[in-house]
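**Q** Have a look at this one before I ask anything.
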Amino acid sequence: MLRVGVMIALLALDLMGGAAGADVTSELRTLKRGQPAPVAAFIDRTIGCNHFAGEDPYDAEHRAFIAKAMRDLRCDRLDQDEAKLRRRYAHTPTVLQVLDRARALID
C-alpha cells in the first residue's frame with residue numbers, strides 16, 4: 001500500500017513544478033499544523049487524489065499504478081469523508097476554514 005506521507009513528499013516535487021509547487025506544499029503544511037489528525041489526513045488524501053486524477057496513464061503499468069494509488073487513497077470517498085468531517089467539526093470554524101482553503105488550493 002502506498003504510504004500517504006511518502007506520496008505527499010513525492011508530490012511536492014511534482015505538484016505544479018518548481019517554486020509554485022513548493023509554495024503549495026508549504027501552505028498545505030501550514031494548514032495542517034494544529035489540526036485534528038483526521039483533518040490533516042484528509043488534506044493529504046485530497047492532494048494525492050487530485051494529483052493522480054491528473055496523471056497521464058501513458059502505459060498499462062502506469063495506469064495500474066494510478067488506479068492502485070487512487071484505491072489506496074480512497075479517492076471515491078473524498079466527498080463523503082469531507083461531509084463527515086464538516087458535520088463532526090461543524091462548531092469549529094477553524095477546521096471548516098482549513099477544509100475550504102485546502103479545497104481552493106487544488107481547484
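The values are calculated or read from the model by the stated rules, or taken from the named source; none is laboratory data. These numbers were taken from a predicted model, which means no experiment stands behind them. Glycine gets a Cβ as well: all are built from the backbone with ideal geometry, and neighbour counts include every protein chain shown.
Residues are listed down the side, and each one gets a yes or a no for (1) modelled with pLDDT of 80 or more; (2) part of a helix (DSSP H, G or I); (3) at positive phi; (4) surrounded by 13 or more Cβ atoms within 10 Å (Cβ to Cβ):
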site	(1), (2), (3), (4)
19	no, yes, no, no
35	yes, no, no, yes
40	yes, yes, no, yes
50	yes, yes, no, yes
62	yes, yes, no, no
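**Q** Right, next: Quick check, is residue 77 touching a residue at least 12 places away in the same chain (Cβ under 8 Å) and over 15 Å from residue 32 (Cβ atoms)?
**A** Answer is no for this residue.
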